[in-house]
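The values are calculated or read from the model by the stated rules, or taken from the named source; none is laboratory data. Note that the coordinates shown come from a computational prediction; the quantities given were computed from them, not determined experimentally. Here the Cβ is made from the backbone with ideal geometry for all residues, glycine too, and neighbour counts use every protein chain on show. Quick note on the areas: whole protein, heavy atoms, side chains included, nothing else; ligands and nucleic acids left out. Shrake-Rupley method; radii C 1.70, N 1.55, O 1.52, S 1.80 Å.
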Amino acid sequence: MHLIAIGGSDAGISAALRARELDPTAEVTVVVADAYPNFSICGIPYYVSGEVTDWRKLAHRTIADLEATGMRLRLETVARRIDVANKQLIVTGADGRDEALAYDELIIGTGAVPVRPPITGLAGPEALGAADGVHLLHTMGDTFEVMRTIENEAPKSALIVGAGYIGLEMADALITRGIAVTQMEQLAEVLPTVDPELGAMVRSQLVKHGVNVLTGTVVTSIARSRVGDKGRIRVDATDGERRELTRAVDMVLVVVGVRPDATLAAEAGATVGYRGAIAVDRHMRTNLPHVLAAGDCVITHHRLLGDTYLPLGTTAHKQGRVAGENALGGNRTFAGSLGTQVVKVFDHAVARTGLRDGEATPAGYDPLTVGSEADDHKAYYPGSHRIAMRVTGDRTTGRLLGFQLFGHRDAEIAKRVDIAAAALFHDMTVDDVSDLDLSYTPPLGSPWDAVQAGTQAWTRAANIRRPQVT
């Protein structure tokens with residue numbers, strides 16, 4: 001049995017580890033395009049900030065750890081083509097030579113690539129790149145380029161295009177390094193994956209810590225500065241009223257999201273689905289014989305929405321594990337995602353799970369979202385923090401549909417969104433959450449946890465809005 005996994009990030013490595021765990025006699029090869037298998041891409045901002053002092057610490061496991069499991073790593077090896085009929089993967093090795101690797105089962109974990117927005121100066125022969133201080137951030141190679149700019153050019157100012165999760169983390173990282181940051185987001189509020197009410201709270205934290213936030217602003221061009229500008233790079237943009245504005249900075253980061261890297265699979269005949277991601281069933285199998293796929297390159301089964309595209313590290317790990325087991329003849333099913341996410345923004349955190357109104361309505365639900373606040377622990381014990389919450393439930397059935405939280409990083413925001421995620425996973429109603437037996441001691445919580453206080457606020461509001469029966 002020879003299993004090949006393409007991709008050395010979450011999905012590919014998880015698949016290989018699971019296969020070796022289940023069958024130590026299986027021959028498992030992982031084809032890795034660079035020299036950094038099993039690195040935490042999510043940890044990159046904390047290396048840039050200096051909080052993680054050595055980039056090697058971003059490795060979940062060292063190369064020696066991985067090879068000790070019995071898997072074979074083919075580093076700096078690029079997968080070029082899948083010969084489905086002959087069950088071969090054509091690769092180009094580190095020495096530049098092409099080679100055909102035979103497989104019995106193949107798992108595609110090619111991940112995602114950064115979106116390159118239509119900004120003048122990002123494409124074409126005159127495009128600015130890392131050597132000019134303009135960066136897209138997605139891989140360890142990208143990270144080293146960013147660090148070269150910081151260490152060699154000592155930038156005093158930076159502009160970040162995009163205010164999603166990575167954009168916020170990088171704003172935090174660069175401010176921590178003492179670099180002045182301007183952040184431009186084309187939508188009306190930062191972090192558009194949460195409701196604007198919480199997005200505004202996130203923006204206030206950015207501003208409080210010195211970030212110049214410009215929302216409703218579209219970047220139109222990035223070019224070398226003109227004579228007299230105070231930075232090396234000139235960024236032109238338009239605001240929501242179509243007024244032109246310009247910033248001159250020493251460094252630019254473009255972080256506006258990712259798209260699935262499905263080209264290799266599609267060229268081999270794999271069906272692609274939502275947003276161009278590889279179509280897979282719940283067993284992570286593609287339409288191609290003996291070919292599975294997992295991670296940021298595939299569609300995601302969402303427990304409330306069905307098929308969607310939702311690239312997350314936690315999801316990739318789970319899908320890879322399922323693919324690795326099923327490649328060996330198993331029958332494991334990917335249970336599905338809820339889009340549970342959390343991000344630190346300086347000394348605060350914001351999290352979400354499940355659906356918001358705009359996602360729930362098209363899916364056939366009748367959503368009601370109710371905002372409320374509660375203390376993270378009993379207010380009489382020193383150090384309590386208020387948590388802002390937005391609970392979404394179905395007016396008709398009472399089913400819990402989504403949960404959003406914002407609060408101080410000491411307020412256990414991640415733990416509390418996980419409570420909501422567990423309730424969502426098991427199809428609980430909003431009212432059912434009050435029955436959960438959660439821990440309590442005054443320094444750490446309340447008899448009714450903040451999550452339960454939020455769901456009780458929703459239940460009261462839903463009753464007020466419920467039509468009277470005559």
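Scanning the stretch 180-200 for residues that are open to solvent by 10 Å² or more (accessible area, probe 1.4 Å) and either touching a His at 6+ places or on another chain (Cβ under 7 Å) or closer than 23 Å to E51 by Cβ (or both) gives A180, T182. The residues of the stretch 400-431 that are under 20 Å from H302 (Cα atoms), out of contact with any Lys or Arg (no Cβ under 8 Å at 6 or more places or on another chain), of a type outside the set (D, E) and open to solvent by 60 Å² or more (accessible area, probe 1.4 Å) amount to a single one, H426. Within the stretch 87-102, none of the residues are under 28 Å from the mean Cα position of the chain (by Cα), under 19 Å from A294 (Cβ atoms) and of a type in the set (A, V, I, L, M).
Test M147 against the criterion of being within 30 Å of T315 (Cα to Cα), open to solvent by less than 30 Å² (accessible area, probe 1.4 Å), touching a Leu at 6+ places or on another chain (Cβ under 9 Å) and hydrophobic (A, V, I, L, M, F, W, C), and give yes or no. Considered against the rule, which asks whether it is within 30 Å of T315 (Cα to Cα), open to solvent by less than 30 Å² (accessible area, probe 1.4 Å), touching a Leu at 6+ places or on another chain (Cβ under 9 Å) and hydrophobic (A, V, I, L, M, F, W, C), M147 comes out as no. Filtered by the rule that a residue be more than 28 Å from V134 (Cα to Cα) and part of a loop (DSSP other than H, G, I, E, B), the stretch 255-277 gives A268, G269, A270, T271, G273. Among residues that are within 28 Å of the chain's Cα centre (by Cα) and either among the small types (G, A, S) or assigned to a strand (DSSP E or B) (or both), R81 is included.
Name the residue that is nearest to L214 (Cα to Cα), counting only residues in the stretch 169-190 that are of a type in the set (A, V, I, L, M) and either assigned to a helix (DSSP H, G or I) or touching a Leu at 6+ places or on another chain (Cβ under 8 Å) (or both).
Quick first cut of the stretch 169-190, residues of a type in the set (A, V, I, L, M) only: 170-171, 173-175, 179-181, 184, 187-188, 190.
When the remaining residues are screened for being either assigned to a helix (DSSP H, G or I) or touching a Leu at 6+ places or on another chain (Cβ under 8 Å) (or both), the result is 170-171, 173-175, 181, 184, 190.
Details: M170: 16, A171: 13, A173: 18, L174: 17, I175: 16, V181: 11, M184: 5, V190: 9 Å.
Of everything passing the filter in the stretch 169-190, M184 is nearest to L214 (Cα to Cα).
Of all residues being more than 20 Å from D347 (Cα to Cα) and more than 28 Å from the chain's Cα centre (by Cα) in the stretch 366-380, which is surrounded by the most Cβ atoms within 10 Å (Cβ to Cβ)? Just the residue, please. Here the answer is K378. Evaluated against (1) assigned to a strand (DSSP E or B); (2) of a type in the set (S, T, N, Q); (3) out of contact with any strand residue (DSSP E or B) (no Cβ under 9 Å at 6 or more places or on another chain), N152 falls short on exactly one condition, (1).
A search for C-beta distances below 7 Å between a residue of the stretch 253-281 that is at positive phi and any residue that is open to solvent by less than 50 Å² (accessible area, probe 1.4 Å) and not hydroxyl-bearing (S, T, Y), counting only pairs 6+ apart in sequence or on different chains, returns G257/V115; G257/G164; G269/V84; G269/L288; R275/P260; G276/P260; G276/A262. Scoring I41 on the criteria (1) open to solvent by 50 Å² or more (accessible area, probe 1.4 Å); (2) free of Cβ contacts under 8 Å to residues at least 60 places away in the same chain leaves a single failure, condition (2). Number of residues in the stretch 51-69 that are in a loop (DSSP other than H, G, I, E, B), of a type outside the set (S, T, N, Q) and surrounded by fewer than 12 Cβ atoms within 10 Å (Cβ to Cβ): the value is 1.
Residues being buried (at least 23 other Cβ atoms within 10 Å of the Cβ), in contact with an Asp or Glu (Cβ under 9 Å, 6 or more places away or on another chain), at pLDDT 95 or above and over 30 Å from A173 (Cα atoms) are represented in the stretch 19-36 by at least one member.
Scanning the stretch 341-355 for residues that are surrounded by 20 or more Cβ atoms within 10 Å (Cβ to Cβ) and more than 10 Å from the chain's Cα centre (by Cα) yields V345, H348, A349, V350, A351, R352, T353, G354, L355.
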